[in-house]
Amino acid sequence: MNQVQTGQSDDIVQAYQHAAEVGGRAPSVHNTQPWLWYAGRTGLELRADRSRHLPTADPDGRLLTISCGAALHHARLALSAAGWAPHVARLHDPRSDDRLAWITVAEHAAPSAQDRRLFEEIDIRHTDRRPTVELPVPAEALALIRQAAADEGAGLHWLGQPDLDDLAVAAARANEIGLADLDQRAEMDYWVGGRRPARTGVPSDAVPERAPQTDVPGRDFGHPGTLGVGEGHARSAVYGLLYRPGDGPEDWLRAGEALSACWLKATDLGVAVLPLSSVIEVPATREVLRRMLSGVGHPLLVLRFGLAGPDQAPVPGTPRLPTERVVRPGPFPQP
Ligand SMILES: Cc1cc2nc3c(=O)[nH]c(=O)nc-3n(C[C@H](O)[C@H](O)[C@H](O)COP(=O)(O)O)c2cc1C
């Protein structure tokens, strides 16, 4: 590893800008893309953009921060894959909750084969809301997916019976509560199919045409989309609780990094992923999940893993904001 020379600073700015652009391809709740980057010669800053927050469904910013954590991991991978060793200070400015991470690169490092591989999965990864095929996910694949989350400091707790029955009840209940709350309904209508800001939100072709057959219901978006779901039943899917020791902003950010890592690993292994967050949004159902963890941590997201059908068409891509909307040049404004 060598120290960076002064003459490399233009390369570094470009590397930060590229990393921020790659961060923008991360998954986010309702595809809100609630991040804003400042890229300059001294570093890359990740901020929360609360103009794309879900104040009703996510008043604490838990899902917003998890989404930003996923973007942070994507950006870290982009730097690693390009041969820069990133150093990250999380929640680096106590004066502002919005300043989520400060990334610098101090040295060159050859990218690991693993980082290069996961980086290549970034453009292949998508949320898949269709039923999974009726074949078990290999145990070795599940172990590698769990390890990817653990490497980023988050646990993944696989759910068996009777917890799966309780998850199914909780997911149905969370859907009912979300749809019955007029403010939440309006918020979801805005981001899913509504008159939301261009190149954000969940497009109709990513929303199932009807409720897919499954034991644990996915999020009910309140109206059908055009995504064909076929006749399959997701009975072979495996459900995991992504958790951290605490339930504060740093836990949320790190859970998002772990989400990105285990999702990209799953993509590499041919395993489809569907996050379920309505059960996290509703305090009563979040508490049901917390009890499943028997005190080892706080649940921050439910993830469904399953094999995608070999003859299924690829999931349609979702839009992203243009880079100039989410990446700004330094210097870095004070909070
Ligand atoms: C924190 C978080 C929560 C999410 N919750 C749900 C959910 O409850 N139901 C769902 O269908 N998708 C959920 N998603 C997936 C997003 O809708 C998806 O990432 C976004 O629309 C972008 O699409 P893509 O993942 O295909 O790139 C969630 C994603 C994140 C990061």
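The values are calculated or read from the model by the stated rules, or taken from the named source; none is laboratory data. Computed from a prediction, not measured in an experiment: that's the story for all the values here. Neighbour counts are summed over all protein chains in view; Cβ atoms, including those assigned to glycine, are modelled from backbone coordinates with ideal geometry.
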message = When you check Ala150 against the structure, is it part of a helix (DSSP H, G or I), under 19 Å from Thr285 (Cβ atoms) and at pLDDT 95 or above, yes or no?
response = no
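Of all residues being small (Gly, Ala, Ser) and in a helix (DSSP H, G or I) in the range 162-202, which is surrounded by the fewest Cβ atoms within 10 Å (Cβ to Cβ)? Just the residue, please. Break it down stepwise before answering.
Step one: of the range 162-202, the residues small (Gly, Ala, Ser) are 168, 170-172, 174, 178, 180, 186, 193-194, 198, 201.
With in a helix (DSSP H, G or I) added as a condition, the list becomes 168, 170-172, 174, 178, 180, 186.
Working: Ala168: 15, Ala170: 25, Ala171: 24, Ala172: 16, Ala174: 24, Gly178: 21, Ala180: 9, Ala186: 11.
Among them, the one singled out is Ala180.
Could you check how many residues of the range 131-153 are charged (D, E, K, R) and within 19 Å of the chain's Cα centre (by Cα)?
Of the range 131-153, the ones charged (D, E, K, R) are 134, 140, 146, 151-152.
This time we only want the ones that are within 19 Å of the chain's Cα centre (by Cα), so: 146, 151-152.
Going through the range 131-153 one residue at a time, the tally reaches 3.
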inquiry  = Cβ-Cβ distance below 6 Å, separation of 6 or more or different chains: which pairs start in the range 88-106 with a residue that is in the same structural domain as Gly248 (by TED's automatic domain parsing) and on the phi < 0 side of the Ramachandran plot and end on one that is of a type in the set (S, T, N, Q) and crowded, with 17+ Cβ neighbours inside 10 Å?
reply    = none
key: Top-ranked residue in the range 291-315 [being over 27 Å from Asp93 (Cα atoms) and part of a strand (DSSP E or B); ranked as farthest from the ligand (Cβ to nearest atom)]   = Leu307
key: Those residues of the range 291-303 which are out of contact with any helix residue (DSSP H, G or I) (no Cβ under 7 Å at 6 or more places or on another chain) and buried (at least 18 other Cβ atoms within 10 Å of the Cβ), in sequence order   = Gly297, Leu303
Filter result for Thr318 (surrounded by 22 or more Cβ atoms within 10 Å (Cβ to Cβ), over 13 Å from the mean Cα position of the chain (by Cα) and within 15 Å of the ligand (Cβ to nearest atom)) = no
request  = Could you please tell me which pairs satisfy a Cβ distance under 6 Å, a separation of 6+ or placement on different chains, a first residue in the range 244-261 that is farther than 19 Å from Gly295 by Cα and buried (at least 17 other Cβ atoms within 10 Å of the Cβ), and a second residue that is at pLDDT 95 or above and acidic (Asp, Glu)?
outcome  = Glu257/Glu152; Ala258/Glu152; Ala261/Glu152
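Looking only at the range 262-285, filter to residues that are among the charged types (D, E, K, R) and surrounded by 22 or more Cβ atoms within 10 Å (Cβ to Cβ); which one of those is farthest from the ligand (Cβ to nearest atom)?
Going through the range 262-285, the residues among the charged types (D, E, K, R) turn out to be 265, 268, 281.
From the residues that got through so far, the ones that are surrounded by 22 or more Cβ atoms within 10 Å (Cβ to Cβ) too are 265, 281.
Working: Lys265: 15, Glu281: 8 Å.
Ranking the candidates gives Lys265 first.
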message = Please go through the range 262-296 and give me each residue that is touching a residue at least 24 places away in the same chain (Cβ under 8 Å) and at positive phi, ordered by number.
response = Gly270
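Go through the range 200-222 and report how many residues are without any contact (Cβ under 8 Å) to a residue 40 or more places away in the chain and over 18 Å from Ala172 (Cβ atoms). I'd like the intermediate steps shown before the answer.
Here is the first cut: in the range 200-222, the residues without any contact (Cβ under 8 Å) to a residue 40 or more places away in the chain are 204, 209-211, 221.
Those left that are additionally over 18 Å from Ala172 (Cβ atoms): 204, 209.
Adding up the residues that qualify gives 2.
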Given (1) farther than 24 Å from Leu253 by Cα; (2) in contact (Cβ under 8 Å) with a residue 60 or more places away in the chain; (3) surrounded by fewer than 17 Cβ atoms within 10 Å (Cβ to Cβ), number of the condition Gly153 does not satisfy = (1)
query = Pairs under 7 Å by beta carbon, first residue closer than 12 Å to Ala206 by Cα and of a type in the set (A, V, I, L, M, F, W, C) in the range 308-322, partner within 14 Å of the ligand (Cβ to nearest atom) and assigned to a loop (DSSP other than H, G, I, E, B), six or more apart or different chains?
reply = Val315/His126; Val315/Asp128
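With the condition kept exactly as written, say whether any residue in the range 20-32 is touching a residue at least 12 places away in the same chain (Cβ under 8 Å), more than 16 Å from the ligand (Cβ to nearest atom) and not aliphatic (A, V, I, L, M). Spell out how you get there, then give the answer.
We begin by selecting, within the range 20-32, every residue touching a residue at least 12 places away in the same chain (Cβ under 8 Å); these are 20-32.
Filter once more, so that each one left must be more than 16 Å from the ligand (Cβ to nearest atom): 20.
Narrowing the set further to residues that are not aliphatic (A, V, I, L, M) leaves none.
No, the range 20-32 contains no residue that is touching a residue at least 12 places away in the same chain (Cβ under 8 Å), more than 16 Å from the ligand (Cβ to nearest atom) and not aliphatic (A, V, I, L, M).
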remark   = Taking the range 203-213 and keeping residues part of a loop (DSSP other than H, G, I, E, B) and surrounded by 13 or more Cβ atoms within 10 Å (Cβ to Cβ) leaves Pro203, Val207, Glu209, Pro212
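What tally of residues in the range 222-262 results from selecting those that are part of a loop (DSSP other than H, G, I, E, B) and of a type in the set (A, V, I, L, M)? Full working, then the answer.
Of the range 222-262, the ones part of a loop (DSSP other than H, G, I, E, B) are 222-226, 228-232, 237, 245-248.
Remaining after also requiring of a type in the set (A, V, I, L, M): 229, 237.
Residues in the range 222-262 being part of a loop (DSSP other than H, G, I, E, B) and of a type in the set (A, V, I, L, M): 2 in total.
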message = Condition first: within 16 Å of the ligand (Cβ to nearest atom) and closer than 24 Å to Asp151 by Cα. Can you find one or more residues in the range 50-58 that meet it?
response = no
